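Enquirer: This structure is in structure tokens; I'll ask about it shortly.
Please treat every number below as a calculation from the coordinates, not as lab data. Just so it is clear, the structure is predicted and the values come from calculations on it, not from any experiment. Positions of Cβ are generated from backbone atoms using ideal geometry, with glycine treated the same way; all protein chains shown enter the neighbour counts.
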């Protein structure tokens, strides 16, 4: 039995970063437009773990604001099954992420355009990135200053960041210091890492609070239903007319037998259904709706509406490795907030409440580099295994840092009806040897710099490779202070390199930057949507989230999700005849 819950103009099947921005823009431009956002997770409005920036680490614990996607065991990961957490709340990733502000390289968006997507090049999307933001660092014309999403330096200039930049300038003569590492121009230089944190209030800057919650008292036509898990799209012939969903609060923890008898809720859209469930959710909704590989759908007894084999393919991410180092007591760290008791956290909280400053208005990621090889030594370390990747990806794109894994995976359903069933998730992490080589090079580079910092007190042994006994590269644990600035560089043997590679295969994980599984490509190139985000083979149905990315971007993906949201709003506004979005 199904129960109708209402009729709308637009339905967003997913209430994440992109959906909140696009829906909010459209609702503000035309308050008469009836819009429904359906989100499987809970609301995040004014909840401490979401609005207080440093609390984000608590979100990584098992809780209801994340979905943990379990990948298939991989030989490339020494038999491990990778786990990828994704946002599961109103605001999606923007409400739970690390709040790191980095922006894609212009060539990334030009790559998107080259797939046959007019209007998606850097000349089109850079203005939308600026439109989304209120850049509070300075008055740079390379940034936007009128948007709702705040960008700042965070609540405290840390002594570790100053130390890092001082050593980078003195030690690495091949790379400069930049005032702005995310101005769509600079690459291969060190600088402060800006943050999605309001300079004045110290609060996280996410799309739920700045595009949706800020309208709830003035616009009753913008509706958000949290804890509503979308099963599939409803069609009249090949025209999307609505969605089916279930009460997530009831069925999330139910067993599969109980969920078979779930009360099915329906909502209908007269103008457009926008699937916005993210890189995992969107292809799953399409496949349960009969849109996907004919072979897969038939094997699951899903009636085939459109044979579209690209659905769920092209999964991409970035790889992350944490290395551990000791620091003195006077170093600014996030330890008290990340792992401390309420009493230890209290001073930071009190300062944040008072003036929005201090480490509670911070994310612990203060400086960095978009690293690119530029010397003979760099290319020698990267070796022959990286040559093809260099030629294919980087040689003709001087704005690209080494942040584009070659390895590709997929995401597919294994149950044709149950939206809670585990997925067939192949992450692809480190399948290509050039990805392993890139990590090895980055490890060596960062270790040389960090061991020269004044705050360096040794390396944590279980946070580094286990090198052969007697190796010059062996990690010795705690020490009294840094190595001299002019100390000889560590010499790595072939066996040392093998130890590094093996360690990376044992510890490398996601950066929470999943994208690509409903790629905006031509249909005959395994595409799923066209440049207007329309799903091939049907009408009245779009996909709008990072799953539409045809290729990867060299940055944290929140900014790109904002760009996709702004572009989605413009596309829908044009089709609906709405001006001034």
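Enquirer: Exposure proxy check: 579, 567, 113, 166 ranked by fewest other beta carbons within 10 Å?
Expert: Listed from fewest to most nearby Cβ atoms, that is 579, 166, 113, 567.
Enquirer: Could you order peptides 314-321, 458-465 by the average number of other Cβ atoms within 10 Å of their residues, highest first? Before the final figure, lay out the partial values.
Expert: Working: 314-321: 21.9, 458-465: 16.9.
Going by the mean number of other Cβ atoms within 10 Å, highest first, we get 314-321, 458-465.
Enquirer: Based solely on its DSSP helices, what 222 nm [θ] is calculated for the chain when runs of n ≥ 4 H residues each add -39,500 (n - 2.57) and the sum is averaged over all residues, nearest 500 deg cm²/dmol?
Expert: On the way: 16 runs with 156 residues, N = 581.
After summing the helix terms and dividing by the residues of the chain, the value is -8000 deg cm²/dmol.
Enquirer: Would you mind classifying segment 62-151 by shape? Square roots of the alpha carbon gyration tensor eigenvalues, ordered a ≥ b ≥ c; an a/c under 1.5 is rounded, otherwise it is prolate if a/b is larger than b/c and oblate if not.
Expert: Oblate, since a/c reaches 1.5 and b/c is not below a/b.
Enquirer: For segment 502-581, just the Cα atoms, rotate onto the principal axes and tell me the three extents in Å, largest first.
Expert: Between the extreme Cα coordinates on each principal axis of segment 502-581 lie 55, 31, 15 Å.
Enquirer: If the convex hull of the alpha-carbon atoms of segment 1-99 is projected onto planes in all directions, what is the mean projected area in square nanometres?
Expert: For the Cα atoms of segment 1-99, the hull's average projected area reads 9.5 nm².
Enquirer: Going highest first, how would you order 94-106, 14-26 by mean Cβ packing within 10 Å?
Expert: Most protected by this proxy first, the peptides run 14-26, 94-106.
Enquirer: How much length is gained if the chain between residue 249 and residue 173 is pulled fully straight, taking 0.36 nm per residue apart and subtracting their Cα-Cα distance, in nm to one decimal?
Expert: Working: separation 76, 0.36 × 76 = 27.36 nm, distance 5.61 nm.
Difference between extended and current length: 21.7 nm.
Enquirer: How far is the Cα center of segment 3-82 from the Cα center of segment 275-313, in Å?
Expert: Rounded to whole Å, the Cα centres lie 20 Å apart.
Enquirer: With each pseudo-label sitting 7 Å past Cα toward Cβ, what's the residue 339-residue 387 distance in nm, one decimal?
Expert: 4.5
Enquirer: So, one more: Could you calculate the FRET efficiency of residue 355 with residue 145 from 1/(1 + (r/R0)^6), where r is the beta carbon distance between them and R0 is 22 Å, rounded to 0.05?
Expert: Working: r = 22 Å, r/R0 = 1.02.
For R0 = 22 Å, the calculated efficiency reads 0.45.
Enquirer: Considering only DSSP beta bridges whose two residues both sit in segment 1-134, what percent are antiparallel, to the nearest 5?
Expert: DSSP beta bridges in segment 1-134 are roughly 55 percent antiparallel.
Enquirer: How would you classify segment 286-417 from its alpha-carbon gyration tensor, with a ≥ b ≥ c the square roots of the eigenvalues: rounded for a/c under 1.5, else prolate if a/b is greater than b/c, otherwise oblate?
Expert: oblate
Enquirer: Provide the percentage of antiparallel DSSP beta bridges, counting only those with both residues in the chain; round to the nearest 5.
Expert: Among the beta bridges of the chain, antiparallel pairing accounts for roughly 55 percent.
Enquirer: Rounded to whole Å, give me the distance from the Cα center of segment 117-188 to that of segment 481-529.
Expert: Rounded to whole Å, the Cα centres lie 23 Å apart.
Enquirer: Measure off 7 Å from each Cα along the Cα-to-Cβ vector at residue 183 and residue 81, then give the distance between these two points in nanometres to one decimal.
Expert: 4.8
Enquirer: Mind checking the full-extension length gain between residue 64 and residue 377? Use 0.36 nm per residue of separation minus the Cα-Cα distance, one decimal, nm. Each step should come with its number before you reach the end.
Expert: Details: separation 313, 0.36 × 313 = 112.68 nm, distance 4.68 nm.
108.0 nm is the gain from fully extending residue 64 to residue 377.
Enquirer: If you count, for each residue, the other Cβ atoms within 10 Å and average over each peptide, how do 290-297, 258-265 line up from highest to lowest?
Expert: Listed from highest to lowest mean packing, they are 290-297, 258-265.
Enquirer: Can you pull the one-decimal nm distance between simple spin-label points at residue 526 and residue 264, each 7 Å off the Cα toward Cβ?
Expert: Spacing of the two 7 Å Cα→Cβ label points: 3.2 nm.
Enquirer: Determine, for 110, 424, 366, 48, the number of other Cβ atoms within 10 Å of each Cβ, and report the residues in order from fewest to most.
Expert: Lowest count first: 48, 424, 110, 366.
Enquirer: Let me ask another. Within segment 203-241, name every residue whose backbone N is under 16 Å away from a label modeled 7 Å from Cα of residue 2 along the Cβ vector.
Expert: Residues 229-241 fall inside that zone.
Enquirer: Quick one: grab the alpha carbon gyration tensor of segment 88-218, order the square roots of its eigenvalues as a ≥ b ≥ c, and give me rounded if a/c is under 1.5, else prolate or oblate depending on whether a/b is larger than b/c.
Expert: Since a/c reaches 1.5 but b/c is at least a/b, the shape of segment 88-218 is classed as oblate.
Enquirer: Based on the Cα atoms of the chain, what semi-axes does the equivalent ellipsoid have, where each is the square root of 5 times one gyration tensor eigenvalue, given in whole Å with the largest first?
Expert: Over the Cα atoms of the chain, the semi-axes work out to 40, 27, 23 Å.
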